[in-house]
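The structure appears right after this line, and notes come after that.
The values are calculated or read from the model by the stated rules, or taken from the named source; none is laboratory data. Bear in mind that the values here come from a model prediction, so they are computed numbers and not experimental data. Cβ placement follows ideal geometry from the backbone for every residue including glycine, while neighbour counts extend to all protein chains displayed.
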Amino acid sequence: MLQITDLQASVADKPILKGLSLTVNAGEIHAIMGPNGAGKSTLGYVLGGRPGYEVTGGSVTLDGQNGEKIDLLELDPHERAAAGLFLGFQYPVEIPGVSNVQFLREAANAQRKARGQDPLSGGEFLKLAREKAGLLRMDMDMLKRPVNVGFSGGEKKRNEMVQMGILDPKLAILDETDSGLDIDALRICGEGINAIMRRPDKAVLLITHYQRLLDYVKPDFVHVLAGGRIVKSGGPELALQLESEGYEAVAA
Amino acid sequence: MLAELALPTRHEEDYRYTDLAALEAAWPVAREEIVVAAGESGQLALVMGEGAAARHLVITLGDEARFDLRVLNAAGHFGRVAVDVRMGRAADFTLGCAQLGGGDETVEIVTEVTHAEPDATSRQVVRSVLGGKATGTYLGRVAVERGADGTDAAQSVRAMLLDRTATANARPELEIYADDVKCAHGCAVGELDQTGLFYLQSRGLPPAEAKRLMLQAFVAEAFVGAPDEERLNAAALAALEVLL
């Protein structure tokens, strides 16, 4: 589904990703772990197309609806979303004055339009939003409030998962979705990820520091990112080994 | 009276940033008197028309009188609104103004709010969105006269520049001759939050839609609580679409 080949990227002329290669197939969940400053968030932003994250080499392709290869790096952020990519933010952004439901309905319908689908009616959208909010145990009243404004850290992360449920991507890149979550919220988010994304036609790239989220969302593959490259790959046991031995011992 | 009929020059503070040629077309500007008797309340939603238009409101509020003024200054090549308010004891004045300009348009609002007696409150919210080579100006003086203790005055002025070629002037001014007063002013000129724009785009909104959504919310701050909030927001949105 996603092929990253020898990806190199700089932020403010400083090279961060230095030849990263990774293949994610449909139906798989991959976890990327690594120390601070390894380039984990940069990878997420580069794949999402954030301005200021400059790709200096390599390629990224995403499988299209009919199995064709889409050059992801050629697309604008909103086109990547319409192609099926979802980026869960480590720090979800507050947008004062813009309600969640208005924003999400417009976003969902913009994606549908780009894919040649009919827009969702107000009623259809609200039904969908209610269902996904229920899945993440989020009060519908919160969805009517301005995007992330006044939300706690945990509520922001749950809101990200509700958005993911509504937008129904085929590939989700989740950047430290577990940070800022208490134990209950961690479980709810984990179960949400499983319910929404654990499908044969979808895939997830989990970017995380810790093993704890992986207790709920069992990865098929675990990779260690250090110095802008994947330095080690393995199965779920690698995450446990990292947790007990540390990055330095395992990645060296 | 004659002096008032002469076209001002840009040496006069209130006209420092104006478009004199356009002002001349609208000159002389009649003073429109509004008097709200003690304990009464009034409201006005002013939607500025096309071409060159200038208005000058002179509002007098009696004791405990209230007035809610909303201004959408967007439609024309030149739009100028001057508002003088004189407030009695415990009177309350609200101004919510949205100014939108593109091309080489000039939109400006000049206010002088005088707290003449104790315990009056005034709230001014001005939001400007400026693109192209447009100029948007807020000149706002709050005067608190001797003895007007318990005054509570606030000015919140923000401008969003869509292009680096646009100009925003914002000058809140306080003149206080009383002791026990609360006067707050906030003033900011900026560009749209790039992180917010990326966030909205990452969910599938095309750039223009993402901008529209954020600007719509920004402008709507001027019309919160207005009696005809919905109509003003719809008119502001129509003006916004022209700018994007």
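Restricting attention to the stretch B:179-187, does a residue exist that is in contact with a Leu (Cβ under 6 Å, 6 or more places away or on another chain) and over 18 Å from B:T114 (Cα atoms)? Walk me through it before giving the result.
The first filter runs over the stretch B:179-187 and keeps only residues in contact with a Leu (Cβ under 6 Å, 6 or more places away or on another chain), leaving B:183.
Right, trim to over 18 Å from B:T114 (Cα atoms) and you get none.
There is no residue in the stretch B:179-187 that is in contact with a Leu (Cβ under 6 Å, 6 or more places away or on another chain) and over 18 Å from B:T114 (Cα atoms).
Specify which of the listed residues (A:V93, A:V55) is at the interface with chain B (Cβ under 8 Å from one of its Cβ atoms), surrounded by fewer than 21 Cβ atoms within 10 Å (Cβ to Cβ) and among the β-branched types (V, I, T).
After ruling out the rest, the residue left standing is A:V93.
One line per residue, one yes/no per condition, for (1) part of a helix (DSSP H, G or I); (2) touching a residue at least 12 places away in the same chain (Cβ under 8 Å); (3) among the β-branched types (V, I, T):
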{"position": "A:A26", "(1), (2), (3)": "no, yes, no"}
{"position": "A:G37", "(1), (2), (3)": "no, no, no"}
{"position": "A:T56", "(1), (2), (3)": "no, yes, yes"}
{"position": "A:L62", "(1), (2), (3)": "no, yes, no"}
{"position": "A:I70", "(1), (2), (3)": "no, yes, yes"}
{"position": "A:L87", "(1), (2), (3)": "no, yes, no"}
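Between A:K132, A:K40, which is under 19 Å from A:T208 (Cβ atoms), crowded, with 16+ Cβ neighbours inside 10 Å and charged (D, E, K, R)? Quick ask: steps written out before the conclusion?
Working: A:K132 fails: under 19 Å from A:T208 (Cβ atoms).
After ruling out the rest, the residue left standing is A:K40.
Hey, can you tell me all the residues within the stretch A:61-83 that are more than 9 Å from chain B (Cβ to nearest Cβ), farther than 19 Å from A:D201 by Cα and not acidic (D, E)?
Result: A:L73, A:L75.
Among residues belonging to the stretch A:234-252 that are among the hydrophobic types (A, V, I, L, M, F, W, C) and assigned to a helix (DSSP H, G or I), point out the one that is farthest from A:K218 (Cα to Cα). Lay out the reasoning, then the answer.
Within the stretch A:234-252, the first condition is being among the hydrophobic types (A, V, I, L, M, F, W, C), and the residues that meet it are A:238-240, A:242, A:249-252.
Still in the running and assigned to a helix (DSSP H, G or I): A:238-240, A:242, A:249-251.
Values: A:L238: 12, A:A239: 10, A:L240: 12, A:L242: 15, A:A249: 23, A:V250: 20, A:A251: 21 Å.
Here the residue is A:A249.
Filter the stretch B:105-130 for residues that are assigned to a loop (DSSP other than H, G, I, E, B) and under 13 Å from B:H77 (Cα atoms) and give the result.
Hit for the stretch B:105-130 is B:E105, nothing else.
Looking at (1) surrounded by fewer than 17 Cβ atoms within 10 Å (Cβ to Cβ); (2) within 9 Å of another protein chain (Cβ to nearest Cβ), which is the only condition A:F86 fails?
Tallying (1) surrounded by fewer than 17 Cβ atoms within 10 Å (Cβ to Cβ); (2) within 9 Å of another protein chain (Cβ to nearest Cβ), A:F86 fails exactly one: (1).
Among the candidates B:A52, B:A30, single out the residue that is in contact with a His (Cβ under 8 Å, 6 or more places away or on another chain), within 25 Å of B:V219 (Cα to Cα) and either modelled with pLDDT of 90 or more or not hydroxyl-bearing (S, T, Y) (or both).
Every option except B:A52 fails the conditions.
Is one or more of the residues making up the stretch A:192-215 surrounded by 21 or more Cβ atoms within 10 Å (Cβ to Cβ), at pLDDT below 95 and more than 19 Å from A:P92 (Cα to Cα)?
Checked against the condition, which is being surrounded by 21 or more Cβ atoms within 10 Å (Cβ to Cβ), at pLDDT below 95 and more than 19 Å from A:P92 (Cα to Cα), the stretch A:192-215 yields at least one hit.
Might you let me know whether the stretch A:162-176 holds any residue that is more than 14 Å from chain B (Cβ to nearest Cβ), at pLDDT below 95 and touching a strand residue (DSSP E or B) at 6+ places or on another chain (Cβ under 8 Å)? Full working, then the answer.
Of all residues in the stretch A:162-176, those more than 14 Å from chain B (Cβ to nearest Cβ) come to A:176.
The next check asks that each one be at pLDDT below 95; those that pass are A:176.
Next, from what is left, pick out any that are touching a strand residue (DSSP E or B) at 6+ places or on another chain (Cβ under 8 Å): A:176.
Scanning the stretch A:162-176, I find at least one residue that is more than 14 Å from chain B (Cβ to nearest Cβ), at pLDDT below 95 and touching a strand residue (DSSP E or B) at 6+ places or on another chain (Cβ under 8 Å), so the answer is yes.
Return the pairs, sorted by first residue and then second, in which the second residue is surrounded by 13 or more Cβ atoms within 10 Å (Cβ to Cβ) and among the small types (G, A, S), the first residue lies in the stretch A:104-128 and is more than 9 Å from chain B (Cβ to nearest Cβ), the beta carbons are less than 7 Å apart, and the residues are 6+ apart or on different chains.
A:R115/A:A82; A:L120/A:A108; A:F125/A:A108
Can you pull out the residues in the stretch B:172-214 that are over 15 Å from A:A110 (Cβ atoms), assigned to a helix (DSSP H, G or I) and more than 10 Å from every other protein chain (Cβ to nearest Cβ)?
Result: no residue meets the conditions.
Enumerate the strands (runs of 3 or more DSSP E) found wholly within the stretch B:17-65, keeping only those where 1 or more residues are surrounded by fewer than 19 Cβ atoms within 10 Å (Cβ to Cβ) and among the small types (G, A, S).
So the answer is B:41-47.
Taking the condition within 16 Å of the chain's Cα centre (by Cα) and touching a residue at least 12 places away in the same chain (Cβ under 8 Å), does A:R212 pass?
So A:R212 fails the test.
For the condition assigned to a helix (DSSP H, G or I), in contact with an Asp or Glu (Cβ under 8 Å, 6 or more places away or on another chain) and closer than 29 Å to A:G27 by Cα, what is the one hit in A:A108, A:A133?
Result of the check over A:A108, A:A133: A:A133.
State yes or no: is B:E221 farther than 21 Å from B:A75 by Cα and either in contact with a strand residue (DSSP E or B) (Cβ under 8 Å, 6 or more places away or on another chain) or away from chain A (no Cβ under 14 Å) (or both)?
Answer is no for this residue.
So which residues in the stretch B:185-219 are within 21 Å of B:R70 (Cα to Cα) and free of Cβ contacts under 8 Å to residues at least 24 places away in the same chain?
Scanning the stretch B:185-219 gives B:M214, B:A217.
Being touching a His at 6+ places or on another chain (Cβ under 6 Å) and either within 14 Å of chain A (Cβ to nearest Cβ) or buried (at least 22 other Cβ atoms within 10 Å of the Cβ) (or both) is true for just one of B:T137, B:T151. Which residue is that?
B:T151
Can you pull out the residues in the stretch B:154-184 that are under 9 Å from B:G131 (Cα atoms) and of a type in the set (V, I, T)?
Just the residues of the stretch B:154-184 that are under 9 Å from B:G131 (Cα atoms), to begin with: B:160-167.
Correct list: B:T165, B:T167.
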